[in-house]
There are 2 protein chains.
Amino acid sequence: MKPITKARMAIQFCLGMVLVSIAAAQEISPSPTPTPTPALYSPQTLSELKQLQQAALKSDYAYRQVAHLSNNIGPRLTGSAQAQKAVDYVAAELKALGLEVQLEKLMVPHWVRGEETAALVEFPGMAENTTQKIVLCALGSSVATPAEGLTAEVVVVRDFDELEALGKDKVAGKIVLFNYHFDKQMAAQSRAGDAYSQAVKYRSDGATAAGRLGAVASLIRSVGGAEFRLPHTGQNDYKPDAPKIPAGAVTAEDADLIAALVLQGTVRMHLVLTPQTLPDAPSFNVIGDLKGAEHPEQVIIVSGHLDSWDLGTGAIDDGAGVAVSMEAANLIQKLHLRPKRTIRVIAWMNEENGLAGGKTYANDHEKEIANHFAAMETDGGAGHPLGINYATKPEAKTFFEPIARILQSSGASILNLAEHPGADISPLTKLGVPGFSPIQDNRYYFNYHHTAADTLDKIVPQELAENAAVVTVTAYALANLEKPFPR
Amino acid sequence: MKPITKARMAIQFCLGMVLVSIAAAQEISPSPTPTPTPALYSPQTLSELKQLQQAALKSDYAYRQVAHLSNNIGPRLTGSAQAQKAVDYVAAELKALGLEVQLEKLMVPHWVRGEETAALVEFPGMAENTTQKIVLCALGSSVATPAEGLTAEVVVVRDFDELEALGKDKVAGKIVLFNYHFDKQMAAQSRAGDAYSQAVKYRSDGATAAGRLGAVASLIRSVGGAEFRLPHTGQNDYKPDAPKIPAGAVTAEDADLIAALVLQGTVRMHLVLTPQTLPDAPSFNVIGDLKGAEHPEQVIIVSGHLDSWDLGTGAIDDGAGVAVSMEAANLIQKLHLRPKRTIRVIAWMNEENGLAGGKTYANDHEKEIANHFAAMETDGGAGHPLGINYATKPEAKTFFEPIARILQSSGASILNLAEHPGADISPLTKLGVPGFSPIQDNRYYFNYHHTAADTLDKIVPQELAENAAVVTVTAYALANLEKPFPR
């Protein structure tokens, strides 16, 4: 998942309003034929939506999919053999479900992690001939240090203002550590997206800022909540006109250690980061269509991203999103339902370090944009869903209220007007395609996000099924809406 | 800290009784001259104990000590340069406090960690030419694999019974994984010591059991509560008559992964562990005496262990214990008090992988055992203390009640009869020396125990000060008891 500040703020505000909204929602009678919007969904559709919801809550198909992606295939960094294996696997599964499957080709960046070690080699009070280990990882797109590493004094700043205040004289030749703290209290109160957005700019822009002042490497305090000596990777974005210097993330503990020692005297670090950027490589979005019976040309996208970072096995980011999207197709087929519009399952490639999948799709399908009725993406983990984010005109809300009423029984009745419901679908939403995503519990998401601990055990099967219910019901409802909503 | 099953069980039982005990304690009037035991402590002593308690709660000396040990010196594995630096540092600090300081020599094991990497090289569903990384660490005393590693099929067992049921045919030539789960629910309910005792026998005895059946290596699921892809080290104890095979600990996530894959087909692992056992080396217990005014020959030991495991910086295990022991001497000196008996601060060496410090001391001081009035050790982290464990005759309890009344104001009023109050002092308690330790909140202790995440940030300064208050008040009270308690 990438930072999408405003959307996250909107989502988070919404999460803060849960109790109020649920209380209000109680007053709405969950009638099988809701009176306020009788023309939007047929009685048959409403009945099918309830069947789909119940089937989703009982199904383990989505869990088995994310288990296979995480455990049997493993990390799926763009350009890797595992990413290709995942493409083949999902394509085969969607074919087995009876979908029309296409692999849509795209060119992707191919960055590979190398050695990543560091140690403090000079610091106040140290025992002679010792060093102190620093736990870190390279950030995506980072250039390498020399193979034998580099050694330099460390300067610690909290933010860009402190860096600028130091100036070239005090930064040139040094390793800069941006010690910006992820706001754990904010995350604990379900505003994790805001906490992430505040901190992540040092991950994306820190190396550029430090490089411009002559630093020899740039490190950040890991962007995330937990403190178990766990580094968080993620994409670094060099600005084209800035010198490229190695970019890494130390753990929260190592940032604290360095910050404490720097106050006492000179701290020097030996740093080895040997990632490589290989030539761009071909890869694929996996696209599976469940053709609509009445308007096959009109498309509802249901999606997650298939690539993951390479430290963990990409269970919550974003095997879960792919799995619940596959589940939507699985359940519709299993119940022998036929949507009026086409439901298009997409497993995107390269969300994490380039967004090539989303961009290429929007480009390749530009002429059919008007037929993209809606695009949905799940990329916030697998936490209990509270409802639906919708990025449409505000007045469209009444069109979604019957969906919310159905989802109320599994606690997902909130409708939240959002600006950016997903990174991969953002090239489409920018072109006017209405976007949707589940509102997910993200209080613990950033404890594991982009770390080695993003593994299958972080997914609670029942909560994954709840997400599948939201995605399946929303997709099928949109596919069967009796008239287009305002856009 | 090492497993001490019965004592831990007793402690844990006590923790379970907190509410009841605190409620009962409320009925005792906190009078400055308690009537039930007027002859035990003089009014002056009781007044001084309250001064010490208040001073401890306000002091940052202990925190500064553990900060220096953790941050400036770092990991202090027995035999390392950092362990020696810590010896010198604590000796100098105790001298600066005005104590009579001795370095008492001992010979210690000298095991050093090497490379430790592993990967699954064959498993169901894998992408061709890929592997899946396994995060692990070597266990203390482990022998090495060949430098280039070894590759073998993995068999997973839950416990010794399952291993024995497999027998030599199915174990010989394999890597055994003991997938015994640390009971997190038990730990959450403050019975972490019991959870530890159940699981830790696979760490100590797993390699011996697997080696006897011809396994080529033995791995355990890490013994601890948190799941952040964090391996927990600790001592492996080869039995003399068993083949020595490499012994490691994988993270909980990696154990889950392997266990899931083994159910689906053959899993083979490449394992590299290159620790070395060097010749035994000289090291020291640091001993600082604050001489008693009336009975200088009678000694109250106040102690923690100075060595630590090497993955983290040994903040909670056991920099904290050394720091609060040093604080006792600091406060008594700062308030210009003079104990009647001698208070002996000891920073033990080699608790983690041999107990050479505790054993050597008991041996060297055997003739003076009768003059060891009491021995106290703090080795359960730095969590909020609830009272005092006492390993004496049960009828001695009334002697400690005035101490508990004073500690009640910081929530530490529980008196718990324990069997084994500390590992380093266990050679003394076996010889009849009464033992004491603070009862500490251990609900989160085993999340960090023996991991890279045992770092300074895990200590809440105020909780450390509360532990210092318990240790200081208890030590000074025992030093000034007007008559010996039953032993």
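The values are calculated or read from the model by the stated rules, or taken from the named source; none is laboratory data. Values in this document were obtained by computation on a predicted structure and should not be read as measured data. Cβ: placed from backbone, ideal geometry, glycine included. Neighbour counts: every protein chain shown. What goes into the accessible areas is simple: the full protein's heavy atoms, side chains included, and nothing from ligands, DNA or RNA. Shrake-Rupley method; radii C 1.70, N 1.55, O 1.52, S 1.80 Å.
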Worksheet item: What residue of chain B has the nearest C-beta to the axis that moves B onto A, and what is that distance in Å, given as a whole number?
Response: B:Phe228, 2
Fill in: Accessible area per residue, Å², the protein assembly as shown with all protein chains present, probe 1.4 Å
35
Worksheet item: With no solvent and one point per C-alpha, what does the Debye sum give as log10 I(q)/I(0) for the protein assembly as shown at q = 0.05, 0.09, 0.10 Å⁻¹?
Response: -0.34, -1.00, -1.16
Worksheet item: lysines near A:Lys201 by alpha-carbon distance under 20 Å, same-chain residues fewer than 8 away left out - which ones?
Response: A:Lys2, A:Lys6, A:Lys184, A:Lys239, A:Lys244
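What total accessible area, in Å², is buried where chains A and B meet, using a 1.4 Å probe and rounding to the nearest 100?
Working: alone 18470 and 18430 Å², together 34230 Å².
Chains A and B together bury approximately 2700 Å².
What do you reckon, how do B:Lys244, A:Lys367, A:Lys201 stack up by accessible area (1.4 Å probe), largest on top?
Working: B:Lys244 130, A:Lys367 200, A:Lys201 95 Å².
Result of the area sort, largest leading: A:Lys367, B:Lys244, A:Lys201.
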Worksheet, complete the sentence: The farthest towards the positive end of the charge dipole of chain B, of the residues B:Tyr180, B:Pro461, B:Ala217, given +1 on Cβ of Lys and Arg and -1 on Cβ of Asp and Glu, is B:Pro461
Discussion item. Buried by at least 30 Å² relative to the chain on its own: which residues of segment A:121-138 qualify, computing accessible area with a 1.4 Å probe on protein heavy atoms?
Written reply: A:Gly125, A:Ala127, A:Thr130, A:Gln132
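Per residue, how much space in cubic angstrom lies within the convex hull of the C-alpha atoms of segment A:205-358? Write down the numbers at each step before the final one.
Working: hull volume 23.4 nm³, N = 154.
Convex hull of Cα atoms, per residue: 152 Å³.
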Fill in: segment B:282-398 - convex hull of the alpha-carbon atoms, volume per residue in Å³
139
Item to complete: Holding the Cα-Cα limit at 20 Å, pick out from B:Lys95/B:Lys367; A:Lys393/A:Lys483; B:Lys334/B:Lys397 the pairs that are longer than that.
Response: B:Lys95/B:Lys367; B:Lys334/B:Lys397
Worksheet item: At a probe size of 1.4 Å, how large is the accessible area of B:Ser410, to the nearest 10 Å²?
Response: 20
Worksheet item: According to the Kirkwood expression over distinct Cα-Cα pairs, how big is the hydrodynamic radius of segment A:71-113, in Å?
Response: 11.5
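Given Cα positions, please report Rg to Rh for chain A, the hydrodynamic radius being the Kirkwood one.
Details: Rg = 23.4 Å, Rh = 23.1 Å.
Answer for chain A: 1.01.
Quick one: divide the alpha-carbon radius of gyration of segment A:151-226 by 2.2 N^0.38 Å and tell me what you get.
On the way: Rg = 13.2 Å, N = 76, 2.2 N^0.38 = 11.4 Å.
Taking the Cα Rg and dividing by 2.2 N^0.38 Å, one obtains 1.15.
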Response to the item:
Computed on Cα atoms, Rg of segment B:112-164 relative to 2.2 N^0.38 Å comes out at 1.38
Worksheet item: Can you list, bin by bin at 5 Å, the percent of alpha carbon pairs in segment B:135-275, starting at 0?
Response: 2, 12, 21, 25, 22, 12, 5, 2, 0
Worksheet, complete the sentence: Accessible-area loss of at least 40 Å² in the complex relative to the chain alone (1.4 Å probe) applies, within segment B:52-96, to B:Asn71, B:Asn72, B:Gln82, B:Lys85
Worksheet entry | Per-residue [θ]222 nm for chain A (sum of -39500 (n - 2.57) over DSSP H runs n ≥ 4, rounded to 500) | -11000 deg cm²/dmol
Worksheet item: Normalised by the residues of chain A, what does the relative contact order come to in percent, with Cα pairs under 8 Å and at least six apart?
Response: 24
Worksheet item: Share of chain B's accessible area from carbon and sulfur, percent, 1.4 Å?
Response: 53
Worksheet entry | Label geometry 7 Å along the beta-carbon vector: A:Pro243 inter-copy distances in nm | 5.7
Worksheet item: Listed highest first by mean packing, meaning other Cβ atoms within 10 Å per residue, what order do A:273-281, A:72-80, A:374-382 come in?
Response: A:374-382, A:72-80, A:273-281
Response to the item:
With bins of 5 Å, the percent of all Cα-Cα pairs of segment A:225-286 per bin from 0 is 3, 11, 14, 19, 18, 15, 9, 4, 3, 2, 1
Item to complete: Restricting things to alpha carbons, tell me how big segment B:250-289 is in terms of Rg and Dmax, in Å.
Response: 20.5, 62
Worksheet entry | Computed P(r) (all Cα pairs; segment A:384-479; 5 Å bins; percent) | 3, 13, 21, 22, 19, 13, 7, 2, 0
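Quote the charge dipole size of segment A:80-179 about the Cα centre in Debye, to the nearest 20; the model charges only the Cβ of Lys and Arg (+1) and of Asp and Glu (-1). Intermediate values should be presented prior to the final figure.
Numbers: 9 positive and 15 negative charges, 48 e Å.
Here the size comes out at about 240 debye.
Considering only DSSP beta bridges with both partners in chain A, what is the antiparallel share in %, to the nearest 5? Kindly include the intermediate steps, with their values, before the conclusion.
Numbers: 39 of 71 bridges.
Within chain A, antiparallel bridges account for around 55 percent of the total.
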Practice prompt. Nearest 5 is fine: what % of DSSP beta bridges in segment A:367-487 come out antiparallel, could you say?
Written response: 50
Discussion item. Kirkwood Rh over alpha-carbon pairs of segment A:101-193, then Stokes-Einstein at 4 °C and 1.567 mPa s: what D in µm² s⁻¹, rounded to an integer?
Written reply: 75
Worksheet item: So how exposed is A:Arg203, as accessible area in Å² (1.4 Å probe, rounded to 10)?
Response: 10
Worksheet item: How big is the accessible area of A:Val143 in square angstrom, nearest 10, if you roll a 1.4 angstrom probe over the protein chains?
Response: 40
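Working with all protein chains in place, sort A:Glu366, A:Glu122 by solvent-accessible area computed with a 1.4 Å probe, largest first.
Numbers: A:Glu366 105, A:Glu122 75 Å².
Largest accessible area first, the residues go A:Glu366, A:Glu122.
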Response to the item:
When every protein chain stays in place and a 1.4 Å probe is rolled, A:His305, A:His181, A:His420 sorted by accessible area with the largest first are A:His181, A:His420, A:His305
